[in-house]
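The values are calculated or read from the model by the stated rules, or taken from the named source; none is laboratory data. These numbers come from a predicted model, not from an experiment. Ideal geometry is used to build each Cβ from the backbone, glycine not excepted, and the neighbour counts take in all protein chains shown. For the accessible areas, the whole protein counts, side chains as well, though only heavy atoms, and no ligand, DNA or RNA atoms are used. Shrake-Rupley method; radii C 1.70, N 1.55, O 1.52, S 1.80 Å.
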Amino acid sequence: MQFYNTLSGKKDEFIPIEEGKVRMYACGPTVYNFFHVGNARCFVVFDMLRRYLEYRGYEVKFVQNFTDIDDKVIKKANEEGLTYSEIAKRYIDEYFVDAKGLGVRPATVHPLATDNIDMILHIVKTLVEKGYAYPSNGDVYFRTRKYKDYGKLSGMLIEDLESGARIDVSEQKEDPLDFALWKAAKPGEPAWESPWGMGRPGWHIECSAMVMRYLGETIDIHCGGQDLIFPHHENEIAQSQCCTGMQFCHYWLHNGYINIDNHKMSKSAGNFFTVREIAEKYGYLPIRHFILSSHYRSPINFSKDIIEQSKAALERIFNCVDTLNFFVNNAPEERVRENEGELIAKFDSAKSKMIEAMDDDFNTGEGIAAIYDLVKDINTAVNSNPAPSKGAMIHAKALLDEMTELFGFVRDKDDNDDFIREIEEAIEKRKKAKKAKNYAEADRIRSELLERGVVLLDTPTGTQYRINAQK
RNA sequence: GGCGCCAUAGCCAAGCGGUAAGGCAGAGGUCUGCAAAACCUUUACGCCCCGGUUCAAAUCCGGGUGGCGCCUCCA
């Protein structure tokens, strides 16, 4: 398995620190609002990465933080007259609602910045002791120039940064390039005790602290959006490596942006849609499908048309799942047909194609194409005459389930048993009417069900139904 | 100014030197008593342009054109 490593600038073969185990960290959201489709990309992509690593047999410990204290959270709290932690808690809860809808599983640990102040202080203190950081009027800054590898991840050189001159110049700093590890408290803001007075952590330091506490001094994979490469991840590396003297992380993975009309979707630009509002109209899964249909590093354009395309594309998979389940549940038991080896091999080739694609830098687009290959082969088999054996299709079903589950293309089950029994009784009644050639009655039953959102499909194996989930 | 990315059909998208995956939409057809939002088939003589390397290039190299991102909070 190989993937593109921002640190080396090329695809690297993945070799974990500890055989069979993966320690990975992703920068999570700052919780002061619902997250938008652009934010969703990294959640979905790195959930997929984690699922795939597990699928390939690794035991994965995955940590994703919540930034629950920062300027934006404080601002929002002040606007609403609430505490920062009330705001954070609200949007953490909302995060999990949307994440679940998107098929994004909870991480192994979801730590909060404010639960790790002690670890943050430990790192800042160590950096001050080692001479990599200095206090200044209650703030503490990192001496960027003192870390000789600064800029290695982003390819930015110290000299270039200087000439860019867009860096924050402050009276407090020895050098404009230095960045804050700890910020002195402003009146009315939440604050914690520290050797330099009351204050709160800077943004970059929290990730270093949570990585160290939950995953250790050196981890396998660190991921996030491309916009975090500089300065956030660069700073994380500097802080962590100067603190421990160890390499911080072996593989850095960064996802591309989601654009609208070719411009990056972002809260500050205002050109965003929240996942919640799109999901209410189209459902969550089309968003997941849209994100995974292209490579995680390419920029992708979001539009409602695209989401509709993804929704239609997903229907094709779900139709196949329904068709196959119906076939397997209703096909008569029979002897295995001869010469079905070829059919089975065809089914299996879809899985091989998927694994090959995913092993090469998580090519989800080609992985999904493999699912559609399988879908086509299943549809063709089910409709062929003579019908394939039940055994062959049970094999196909196992494959299809495995692949759709890996990609998270799984619908919520409707457990409305009474309704289902009603439908099945109606279908039985219609079957009798049809047998008696009472087509008027049969059509009446069919349109009655249709009005209730139930579509009937007459297949050679019997009558299949589909409940149109209008979500 | 510095660093970097992208350009494939009406739309989305894979492809990483061997003769254009997959999805949506469109067109034709199949199953059916009739239907179906189901299924099947089909849809790029060409991969932004111009040169070059090679037996062979969407794929590599050089030069253009167009678009985007980071350097400031940002997934």
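Observations on the model:
- Computed from the C-beta positions of A:Glu13 and A:Glu366, the FRET efficiency with R₀ = 25 Å rounds to 0.85.
- Under-5 Å amide H pairs with A:Val22, H placed in peptide plane, nonlocal only: A:Glu59, A:Val60, A:Lys61
- Straight-distance crosslink candidates among lysines, where the alpha carbon sits under 28 Å from A:Lys351 and sequence neighbours closer than 8 are dropped: A:Lys10, A:Lys11, A:Lys21, A:Lys61, A:Lys100, A:Lys311, A:Lys376, A:Lys390, A:Lys397, A:Lys413
- The distance linking the stretch A:198-227 with the stretch A:1-28 is 16 Å (Cα centroid to Cα centroid, whole angstrom).
- Under Karplus coefficients 6.51, -1.76 and 1.60, residue-wise ³J(HN,Hα) of the stretch A:95-100 in Hz, glycine/proline x: 4, 5, 5, 5, 4, 4
- Protein heavy-atom accessible surface, 1.4 Å probe, per residue over the stretch A:352-448: 55 Å².
- Taking θ as phi - 60° and the Karplus parameters 6.51, -1.76 and 1.60, the scalar couplings of the stretch A:137-147 work out to 6, x, 8, 10, 10, 8, 7, 4, 5, 6, 8 Hz in sequence order, x denoting glycine and proline.
- In Å, descending, principal axis extents of the Cα set of the stretch A:1-48: 38, 23, 17
- Dipole of chain A computed with +1 at Lys/Arg Cβ and -1 at Asp/Glu Cβ about the Cα centre; of A:Phe327, A:Tyr32, A:Phe347, farthest Cα towards the positive end is A:Phe327.
- Considering only Cα atoms, the convex hull volume of the stretch A:99-228 works out to 159 Å³ per residue.
- In a simple Cβ point-charge model (Lys, Arg +1; Asp, Glu -1; nothing else charged), the stretch A:289-415 has a dipole of about 220 debye relative to its Cα centre.
- Placing +1 on each Lys and Arg Cβ and -1 on each Asp and Glu Cβ, with no other charges, gives the stretch A:1-136 a dipole about its Cα centre of roughly 380 debye.
- Debye, to nearest 20: dipole size of chain A, +1 on Lys, Arg Cβ, -1 on Asp, Glu Cβ: 880
- Convex hull projection area averaged over all views, chain A, Cα basis, nm²: 26.8
- Estimated at 0.36 nm per residue, the fully extended path between A:Lys431 and A:Glu333 surpasses their Cα-Cα distance by 33.1 nm.
- Here the accessible area of the stretch A:83-177 is 51 percent carbon and sulfur, with a 1.4 angstrom probe and all protein chains present.
- Estimated 222 nm signal from helices in chain A, with DSSP H stretches of n ≥ 4 weighted -39500 (n - 2.57), rounded to 500: -15500 deg cm²/dmol
- List A:Lys76, A:Lys125, A:Lys186, ordered by accessible area with a 1.4 Å probe, largest first: A:Lys186, A:Lys125, A:Lys76
- For A:Thr463, residues with placed amide H under 5 Å, excluding near neighbours: none
- Phi to ³J(HN,Hα) by Karplus 6.51 cos²θ - 1.76 cosθ + 1.60 over the stretch A:367-372, Hz, x for Gly, Pro: x, 5, 4, 5, 4, 5
- Charge dipole (chain A, unit charges on Cβ, about Cα centre) - positive-most of A:Gln172, A:Tyr4, A:Ile307: A:Ile307
- Taking chain A and dividing mean pair separation by its residue count, relative contact order in percent (alpha carbons under 8 Å, at least six apart): 15
- Annotation: amide H of A:Ala133 within the under-5 Å range of A:Val128, A:Arg143, sequence separation 5 or more or interchain, hydrogens built in the peptide plane.
- Furthest towards positive pole of dipole, A:Asn78, A:His232, A:Ala99, structure part chain A, Cβ charges: A:Ala99
- Taking the Cα atoms of the stretch A:235-312, the ratio Rg/Rh between the radius of gyration and the Kirkwood radius comes to 1.16.
- Per-residue SASA remark: A:Asp70, around 30 Å² accessible (1.4 Å probe; ligands, DNA and RNA not included).
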